[in-house]
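Heads up, the thing below is written out as C-alpha cells.
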Amino acid sequence: MKPRNGCARLLAAVAQIGVVACANAQSAPGSAYADFVDTRDPPPYAALTPAQRESYDLGHALLNTQWVAAGTPRAERRDGLGPLFNAASCDACHNEGARGQGLMKDGVAPAPLVIQLQDTRARSAHRVDDGDPVYGHVLNISALPGYTPEGIAWVHYAERSGHYPDGTAWSLRVPSYELRELRYGALSTGSAISPRLAPPLFGVGLLAQVPESALPEAADHPRGRFGWQSASATLEQQTAIAMSREMGLTSRTIAHDDCTDAQPACRSAASGGTPEVSAQFMSALLAFQAFLAVPHSNSNAGDASPLFAEAGCAACHRPQLPVEGVDGITRIAAYSDLSLHDLGAELADRDAAGNIVPSRFRTAPLWGLGHALRRPLTLLHDGRARSIEEAILWHDGEALQARRRFEASSATDRKRLLDWLGTL
Amino acid sequence: MKLLPCVAFALMLPLFQLAHADDACSGFKWDVKHEHTLFIHEGRMATAGKDDKSAPMLDVDRLYLLGLSPQENVKFATPPAKKMLADGASAGLVHFRIAKAGQYRVSVDVPFWIDAVVDGKSIPSIDFNGAQGCTAPRKIVVYDLPATPSLTLQFSGSTEARGHITLTPVPAAKQ
C-alpha cells in the first residue's frame, strides 16, 4: 500500500494519462486486441507469416487435444497422459484461451480450480517450490484406469453480507475447502492448500515482452511474471509446470510427472515418450500463446478510467506497460504491474490445520474482463467473486485504501466504474 | 467479526466414495435431473454413420450407446469446428428430427467434440457445463436449434470408441 498511502494523487494523475494513451492504442494498428468473431477460433494480435501461422494453428490444435494413456493405438503423438492428472487437455481449463470457470454453488472443485499444495516449512527455508511430501504440488483429481485419483476438493460457500457507507447492501461468498477421498491419508500438517483457478491465456505473449526494467524491484521473491504468484519467469516454464503437474506430461523443460517417492506406482507408470510432449509441440504451444490476442469487449460503457485512478486501483493495475521486441506495439493496456502484493488475510491460503499462510498475489491483468462477462463470472485466484464488484470488495492488505475509496464513492460512480471495467 | 475460510480434511472413507457420483452430478449449473435419469438406464445401441448419408435417425429424449469409427474413416458434413489432433480418435454422425425450434441439450459421458449442423452450417453452442466426477452425463452442451427434419450431430476427437448420448429439450423455466 506504500504507493497509495504516500502519493496516491500523483500516481492517479500519472495513471490517468496512461489510461487515455492506452485507450487510443487499443483502436490503433498494432493493438493487442482483436475481435473474437468465433470463440472457437481465437485470433492472433498480429499478422503472421505462413510459418508463424502454421505453428500458431498447430499450437491451437494442441491446446484442444485430448491426451491419452501411453500406448494407446494410433495415438503416438498424443499419448502419455497421467497416470495422475487433473485434465486431459489444456482446453479443459483454458477453454479457447479464456479463464477457467469456477463453481457457482457448493460442489466438487472442477478441473480448472486446481488445488495446489505447498510445503510451508520448505517455503520458510526459502525453498518456495516444494510440494506436499506425499501428494506433490497438486491434488490430482483424475487417474487413468488402474490408478486411483489423489482425492477431490469439496467447496462450501457461506454468504457474508454488508453495506456500503451509503447503505447499499452487498454480499460476498466465503469459500471453505474439504479434501475428501484422500488416497494417501491426511496431508502433511505443513502443507498449504492453494486453490487456483486457471487464468486466461489472452495476451500472455505480450506480458512476456515487458522488459525487466519496467517491473518493480523484487529482491524478496522470484522474478517471475506468470501464474497467480508469479512463480514462472517464462511462458515455457509455466506451460511445462502445468503439463507436468496437472496433466502428467513430460516435456523438454520438465522431464518428470508430479509423482513423489510415496507414489511408486505413479513413478513407474508407462511413458508416452521422452519427452511425452515433443519439442515441436512445445514450440507450437508457445507460438500460440505468444501471438494470442486479447478479445475486444462488446460493451460501450463510458470511460471511467479517472475514477479507477482516483481510487488508487491504477497503482497496481497499471494502465500501461512497455513492451519490447513486438512489431507495431510499444505499450500494452494489461492493467497489471506483474508484481506480487499482500491482499490481506482473507484471500491468503490456509495450511492443513487451517492457519493463515502469508500469501502474495500477482496483480491480475484486467484486460479481457469484458470477454469474461459472456459467462457467469468466477473471479479472483479461487473463483469466489461472482462479479467485478465482489472482486473489488475482497481486496484488503496493500489494496485496503483503494477498496475503501471505492466503497466511499457514490452508487453512481461505483456503477460507472464497474461498467467501464467491463469494457476492458 | 469476520469469518475466515477454513480447510477441513477427511480421510478416505467408503461412504464418500459411494456418495461422490451423486454429489458430483449435482454440480451442474442447471437442473439436469432429467438427463441424469436418462443416463442411469441402459442406452439403446446405435452405430454412428461414417458420413451424412449413413448417419442413423435417432429420437429426442432417449439415451443411446453410440458406436463410433476411426476418425480417419469418417467424412464429416462440415469440418469439426474444434481444431485438435485426431490421432487414434473415434468419430461419427447421427441425425435428429427437431419438431420445435428452441434450446436443446446434448449430453455425453465421454470426451467428444460435438458439432451441430443444419443445412450444411455448423451452429455454435450457446453454453456448456460439466461436473467433475460425474459421468452420467459428463458434459452438456446447449444449442439454440431451428425446427428441422434433419439435424446432424457430429462427434469427433473421442478417446473412446463408443459413448452414451442424449438430445433433450431445455425445460423452459429452468434454463
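Where a number appears in this text, it was derived from the coordinates with a stated rule and is not lab data. Worth saying up front: this structure is predicted, and the values here are computed from it rather than measured. Cβ atoms come from the backbone with ideal geometry, glycine included; neighbour counts cover every protein chain shown.
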Notebook entry, point to check: Taking amide H positions as placed 1.01 Å from N in the peptide plane, with prolines and chain starts having none, which residues 5 or more places from B:ARG44, or on another chain, fall under 5 Å of its amide H?
Noted result: B:LEU63, B:TYR64, B:LEU65
Note to self: I'd like the distance between the alpha-carbon centres of the stretch A:210-281 and the stretch A:328-354, rounded to an integer number of Å.
What the structure shows: 20 Å
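Go through B:LYS33/B:LYS83; B:LYS75/B:LYS139; A:LYS415/B:LYS83 and tell me which ones have a Cα-Cα distance over 28 Å in this structure.
Beyond 28 Å: B:LYS33/B:LYS83; A:LYS415/B:LYS83.
Averaged across A:61-68, how many Cβ atoms of other chains sit within 10 Å of each residue's Cβ atom?
Other-chain Cβ atoms within 10 Å of each residue's Cβ, averaged: 6.
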Item checked: Neighbour-count ranking [beta-carbon atoms within 10 angstrom, fewest first] of B:THR166, A:THR72, A:THR234 -> A:THR234, A:THR72, B:THR166
Check: Counting partner chain Cβ atoms within 10 Å of every residue's Cβ in A:104-114, what's the average?
Finding: 4
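Averaged across A:298-305, how many Cβ atoms of other chains sit within 10 Å of each residue's Cβ atom?
Numbers: counts 0, 0, 0, 0, 0, 0, 0, 0.
What the average comes to for A:298-305 is 0.
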Notebook entry, point to check: According to the square roots a ≥ b ≥ c of the eigenvalues of the Cα gyration tensor, what is the shape class of the stretch A:238-361, taking rounded for a/c under 1.5, prolate for a/b larger than b/c otherwise, and oblate for the remainder?
Noted result: oblate
Margin query: Starting from the 7 Å offset along Cα-to-Cβ, what nm value, one decimal, do you get for the label separation of A:GLN237 and A:SER278?
Written below: 2.8 nm
Check: Of the peptides A:179-191, A:35-47, A:78-90, how do they stack up when ordered by the mean number of other Cβ atoms within 10 Å, highest first?
Finding: A:78-90, A:179-191, A:35-47
Notebook entry, point to check: What fraction of the Cα pairs in the stretch B:44-129, stated in percent, has a spacing above 22 angstrom?
Noted result: 23 percent
Check: By how many nm would the segment from B:ASP119 to B:TRP30 grow when fully extended, if each residue of separation counts as 0.36 nm and the alpha-carbon distance is taken off?
Finding: 29.1 nm
Check: Under 18 Å from the Cα of B:LYS100, which aspartates and glutamates turn up, not counting those fewer than eight places away in the same chain?
Finding: B:ASP59, B:ASP61, B:ASP119, B:ASP144
Notebook entry, point to check: Going by the alpha-carbon gyration tensor, a ≥ b ≥ c the square roots of its eigenvalues, is chain A rounded (a/c under 1.5) or, if a/c is not under 1.5, prolate (a/b greater than b/c) versus oblate?
Noted result: oblate
Notebook entry, point to check: Per the Debye formula with a single identical scatterer at each Cα and no solvent contribution, what log10 I(q)/I(0) holds for the stretch A:133-281 at q = 0.16, 0.17, 0.20, 0.21 Å⁻¹?
Noted result: -1.08, -1.14, -1.29, -1.33
